[in-house]
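Presented below is the structure to which this report refers.
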Amino acid sequence: RQMCIRDRYMGYACGLKDQEKAAKTEFLNSIASSIKSIRAEGKRITGFMLVKGSYIIHFLESDSATIYEYLRKLQKDSKLPKTPYERINVLALNEEIAEDTFPDWEMDEVFQTGQVIPEGDRPDDQMLEKVWNVYSGFIKTGLKLKEKHRRDEKVSKQAWKELTSEISFGNDEISIMLSPKYMNIDDYLAIYESDLEIVLDDELAFPQPPRMSKILEYYDNGTFK
């Protein structure tokens, strides 16, 4: 039986293989097309995808079924013989959020300098803080865009670019976000699709099954604490 959690915010990070510029542009456009296809079916999906060199940080908002559908396609694409993906990590999940943060969906590509060095050992709290700073940057930017949308009814691409430029992260944060300490997409979907019992409020007993957000929080290097 499929577990159904009402996901609303979903953040994931991708490392990409080296590609020619034209191939990379075609690949990024295919992601935008997949979002448009979902919306053409009448489903609401919003957020922002930031591309920095060979890395992607994607913040998505929707109902659980739509996010699940999108992640299943992402996983399928990652298994193709000529997939552009090297690793996909699910960074964060917020459940049962009252309303969307972003007014629409957009993406932007920015220049990357320097080299991303694989993450070494460091205290977990430092890693969590760095990732949370990036994640909260998306939320704060989304709220600013939404407020502008309420005032102006439409937000131009230039306004998106100016406000999303406030989302700041460097090679250190990228290295952490793609660390094995964070759950990869295969493990995330394996848990999501597992046979978990749905417990009604009047049937609550202890210990209760953990929420997916807690599972992500305590996931550590392929094992659960």
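The values are calculated or read from the model by the stated rules, or taken from the named source; none is laboratory data. Remember, predicted model here, so these are calculated numbers, not experimental data. Positions of Cβ are generated from backbone atoms using ideal geometry, with glycine treated the same way; all protein chains shown enter the neighbour counts. These accessible areas exclude ligands, DNA and RNA; they are computed on the full protein's heavy atoms, side chains included. Shrake-Rupley method; radii C 1.70, N 1.55, O 1.52, S 1.80 Å.
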Sole miss for Lys154 among (1) open to solvent by 70 Å² or more (accessible area, probe 1.4 Å); (2) out of contact with any strand residue (DSSP E or B) (no Cβ under 9 Å at 6 or more places or on another chain); (3) modelled with pLDDT of 90 or more is condition (3)
I'd like to check something: does the stretch 85-96 contain any residue that is at pLDDT below 85, in a loop (DSSP other than H, G, I, E, B) and open to solvent by 30 Å² or more (accessible area, probe 1.4 Å)? yes
Looking at (1) open to solvent by 60 Å² or more (accessible area, probe 1.4 Å); (2) modelled with pLDDT of 90 or more; (3) not aromatic (Phe, Trp, Tyr), which is the only condition Arg44 fails? (2)
Where the second residue is polar (S, T, N, Q) and open to solvent by less than 10 Å² (accessible area, probe 1.4 Å) and the first is closer than 15 Å to Tyr68 by Cα and lies in the stretch 24-49, which pairs have Cβ atoms under 6 Å and are six or more apart or on separate chains? Lys43/Thr66; Ile45/Ser62; Ile45/Thr66
Subset of the stretch 62-81 that is at pLDDT below 90 and over 15 Å from Ser34 (Cβ atoms) - its residue that is surrounded by the most Cβ atoms within 10 Å (Cβ to Cβ): Ser64
With the structure loaded, tell me whether Phe111 is farther than 25 Å from Ile191 by Cβ, open to solvent by 20 Å² or more (accessible area, probe 1.4 Å) and modelled with pLDDT of 90 or more or whether it fails that test. no
Which members of the stretch 114-128 meet the condition of being at pLDDT below 65 and surrounded by 14 or more Cβ atoms within 10 Å (Cβ to Cβ)? Val116, Glu119
Across the stretch 63-101, what is the number of residues that are of a type in the set (Ser, Thr, Tyr) and on the phi > 0 side of the Ramachandran plot? 0
